[in-house]
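Structure first, then comments.
The values are calculated or read from the model by the stated rules, or taken from the named source; none is laboratory data. Here the structure is a predicted model, which means the values were calculated and not measured. Glycine gets a Cβ as well: all are built from the backbone with ideal geometry, and neighbour counts include every protein chain shown.
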Amino acid sequence: MNHKLIEERERLGLQQKQVYDSIQVGKSTYYRWESGTPIPSDKLTELAKLGFDVGYLVTGKRTQIQEDGVVCFSKQNIQEALTAFLYNTAELGLLTKSPDAKVESLVNMAMFSLFREIGEVYQPEVIESKSRSSK
């Protein structure tokens, strides 16, 4: 069961119907998400628009918001979110990669790009990969 999705919905004071109607998915699809089926990235974006803490949904860690409204993510939070995103995307059949490509390499490439955008140098660390079955 995806307790984080349920917790976030309840934190926002929303009923299931309000959520699935707002993000334009069927009732059974939404119920499957609350039962643990991975949520597609485009729908995570829609949930974020409703106020869901997507960082919490993906990594299990709450997003830190400063007084000025700036959202802060640790390097580890970003790596975990990217890793979860790539695994979920692959599980949904939306990501194809060569057999020798590693999720860790894709995460490092994404982290390098993010750090370059903010003018920082990215020093990759070893990312613990979670063993997941692929389709």
Next item on the list: State all residues of segment 39-54 that are within 10 Å of the chain's Cα centre (by Cα) and either at pLDDT 95 or above or part of a loop (DSSP other than H, G, I, E, B) (or both); if no residue qualifies, say none.
Entry: 39, 40, 53
Check: Is at least one residue of segment 23-30 charged (D, E, K, R) and within 21 Å of residue 85 (Cα to Cα)?
Finding: no
Next item on the list: Of the conditions (1) of a type in the set (S, T, N, Q); (2) in a loop (DSSP other than H, G, I, E, B); (3) modelled with pLDDT of 75 or more, residue 129 clears all except one; give me its number.
Entry: (3)
Margin query: Looking at segment 17-38, can you tell me whether even one residue there is closer than 24 Å to residue 113 by Cβ, surrounded by 13 or more Cβ atoms within 10 Å (Cβ to Cβ) and either at pLDDT 75 or above or touching a strand residue (DSSP E or B) at 6+ places or on another chain (Cβ under 7 Å) (or both)?
Written below: yes
